[in-house]
Amino acid sequence: MRIYLDHNATTPLRAEVLGAMTESLAEHYGNPSSGHAEGALALSRVEAARQEVADCIGVPPGWVYFTGGASEANNAVLMGLLAKSDGRGRLVTSCVEHPSVTEPAARLEKAGMEVVRLPVDRDGLLDPEAVFAAADGNTSLVSLIWANNETGVVQPMEEIVEGLKARGKRVHVDATQAIGKYPVDMGTLAVDYLSCSAHKLNGPKGTGCLVAREGAPLSPLIAGGPQERRMRGGTENVAGIVGFGRACSLAAKELTERMASYAALRDRLWLGLQERVGRIRRNGSSSRVLVNTLNVEFVGVPGEVLLQALDIEGVAVSAGAACHSGSISPSHVLTAMGLSPEEARSSLRISVGHGVQEAQIDDAIEIFARLVNRVRRAGVEQ
Ligand SMILES: Cc1ncc(COP(=O)(O)O)c(C=O)c1O
């Protein structure tokens with residue numbers, strides 16, 4: 001049986017989610033915009049899911065706009081800025097964002113907007129005072145990742161958002177990796193926008209949402225219809241939305257238990273790797289980090305070689321972000337933390353999640369030990 005340790009790339013569907021989606025595909029075939037009973041049934045399921053998502057994040061359902069995932073939500077917030085500002089103003093972001101923020105930010109820069117990319121320290125953490133200093137009077141938006149997809153490092157977002165709101169700034173948070181693994185509550189975190197994705201919390205791929213606080217300006221994400229309060233035209237992905245809702249209600253109910261069980265698996269893995277594999281280093285803060293994520297440098301071992309050997313032996317992990325696989329450029333997140341390109345290339349992301357068993361962790365440790373030794377002995381060290 002394979003050992004899937006790449007839950008930050010995507011997660012398997014929970015059986016409850018699959019059940020809800022299967023029922024929805026079969027039964028809720030009406031178009032939610034239609035005025036008959038079939039349409040009303042589909043619409044009622046979309047709205048019930050909106051409530052489940054809203055409850056998970058601590059917001060009124062009217063703030064939730066369903067999207068095709070977090071990339072779309074991130075693009076909507078950043079590209080919406082362009083529509084409003086005509087290329088003027090300043091965007092403050094960081095050097096460790098997901099490409100669905102870095103690439104729209106580069107487009108804004110090209111259109112004339114000033115873009116400030118804040119550095120992180122060796123632990124992968126932002127300095128809140130540096131964020132406040134960068135967010136001067138001309139700043140239209142501060143857009144920051146909460147929990148990093150590659151390292152799992154969790155930024156001190158409560159402190160950052162409090163300081164930014166005291167200065168009257170608009171804030172967008174990419175919470176894609178945080179939801180389901182860390183408490184996310186927009187009731188206490190006063191951000192204007194928050195992005196998330198269903199497939200990172202055992203929901204379906206291609207569904208997510210943008211949460212926009214009442215009064216926060218929003219441009220239509222897709223023009224062309226009345227759906228999502230005219231913000232995203234197009235017939236809704238009813239089954240996907242239903243699955244997202246179910247995944248969120250499970251996540252909300254199980255958060256405490258999940259945090260404890262994922263942390264126990266992650267810590268067992270780290271202890272075992274330290275005992276059985278020599279010359280390894282953990283990348284990023286070990287205290288301000290997601291409960292499920294470990295980013296490890298296997299000194300001198302090319303990450304791509306180890307990744308492929310692990311895959312052949314039945315263990316799935318990731319080198320850098322999954323969206324970058326196939327690329328040999330070192331992770332921009334790790335190099336922003338001060339790792340050399342060689343150190344970054346020797347690093348792997350290992351992320352646990354639902355369904356991972358202790359015995360699989362123990363097996364994975366032995367496989368890592370064997371393969372790292374084999375690669376080192378074979379002299380393919382970089
Ligand atoms: C932090 C972060 N933001 C955004 C995304 C994009 O999410 P989606 O796959 O739903 O577009 C990801 C997915 O890898 C992510 O980890």
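At-a-glance table
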| item | result |
| --- | --- |
| Any hit, the range 21-40, residues being part of a helix (DSSP H, G or I), touching a helix residue (DSSP H, G or I) at 6+ places or on another chain (Cβ under 8 Å), closer than 23 Å to LYS181 by Cα and open to solvent by less than 10 Å² (accessible area, probe 1.4 Å) | no |
| Criterion: crowded, with 16+ Cβ neighbours inside 10 Å, under 24 Å from the mean Cα position of the chain (by Cα), in contact (Cβ under 8 Å) with a residue 40 or more places away in the chain and more than 16 Å from the ligand (Cβ to nearest atom) - qualifying residue of GLY80, GLY89, GLY68, GLY62 | GLY80 |
| Single residue of the range 129-158 satisfying the filter (within 28 Å of GLY112 (Cβ to Cβ) and β-branched (Val, Ile, Thr)) that is farthest from the ligand (Cβ to nearest atom) | THR139 |
| Members of the range 274-303 found to be over 19 Å from ALA369 (Cα atoms) and among the aromatic types (Phe, Trp, Tyr), listed by number | none |
| Flag for GLY225 being at pLDDT below 95, farther than 16 Å from PRO104 by Cβ and surrounded by fewer than 24 Cβ atoms within 10 Å (Cβ to Cβ) | yes |
| Tally, over the range 192-222, of residues that are at pLDDT below 95 and of a type in the set (S, T, N, Q) | 1 |
| Residue in the range 35-48 that is within 16 Å of the ligand (Cβ to nearest atom), touching a residue at least 24 places away in the same chain (Cβ under 8 Å), farther than 30 Å from ILE365 by Cα and of a type outside the set (Asp, Glu) present | no |
| Test: residue in the range 98-110 that is open to solvent by less than 10 Å² (accessible area, probe 1.4 Å), away from the ligand (no atom under 16 Å from the Cβ) and not in a loop (DSSP other than H, G, I, E, B) | yes |
| Pick from the range 190-239, criterion among the aliphatic types (A, V, I, L, M) and more than 16 Å from the ligand (Cβ to nearest atom), ranking: nearest to LEU81 (Cα to Cα) | LEU218 |
| Filter result for VAL17 (assigned to a helix (DSSP H, G or I), of a type in the set (Val, Ile, Thr), touching a Gly at 6+ places or on another chain (Cβ under 9 Å) and more than 16 Å from the ligand (Cβ to nearest atom)) | no |
| The range 244-298, residues that are open to solvent by 70 Å² or more (accessible area, probe 1.4 Å), polar (S, T, N, Q) and part of a helix (DSSP H, G or I) | THR256, GLN274 |
| Which numbered condition ILE241 fails, given (1) surrounded by fewer than 19 Cβ atoms within 10 Å (Cβ to Cβ); (2) of a type in the set (A, V, I, L, M, F, W, C); (3) in contact with a Ser or Thr (Cβ under 9 Å, 6 or more places away or on another chain) | (1) |
| Members of the range 337-351 found to be out of contact with any Ser or Thr (no Cβ under 8 Å at 6 or more places or on another chain) and buried (at least 17 other Cβ atoms within 10 Å of the Cβ), listed by number | GLU343, ARG345, SER346 |
| Pair list, Cβ under 7 Å, 6 or more apart: the range 351-365 residue in contact (Cβ under 8 Å) with a residue 60 or more places away in the chain, other residue open to solvent by 50 Å² or more (accessible area, probe 1.4 Å) and part of a loop (DSSP other than H, G, I, E, B) | HIS354/PRO12; GLY355/PRO12 |
| Test: residue in the range 131-145 that is open to solvent by 20 Å² or more (accessible area, probe 1.4 Å) and within 26 Å of ALA9 (Cα to Cα) | no |
| Every pair of residues 6+ apart whose Cβ atoms lie under 7 Å, when the first sits in the range 96-125 and is in contact (Cβ under 8 Å) with a residue 40 or more places away in the chain and of a type outside the set (D, E, K, R) while the second is part of a loop (DSSP other than H, G, I, E, B) and open to solvent by 30 Å² or more (accessible area, probe 1.4 Å) | PRO119/CYS95; VAL120/CYS95; LEU125/ARG288 |
| The range 191-218: number of residues that are under 23 Å from LEU164 (Cα atoms) and open to solvent by less than 40 Å² (accessible area, probe 1.4 Å) | 11 |
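The values are calculated or read from the model by the stated rules, or taken from the named source; none is laboratory data. Computed from a predicted model, the values in this text were never measured in an experiment. Counting neighbours? That spans all protein chains shown, and the Cβs are built from the backbone with ideal geometry, glycine included. The area values use the complete protein model at the heavy-atom level, side chains included, leaving out ligands, DNA and RNA. Shrake-Rupley method; radii C 1.70, N 1.55, O 1.52, S 1.80 Å.
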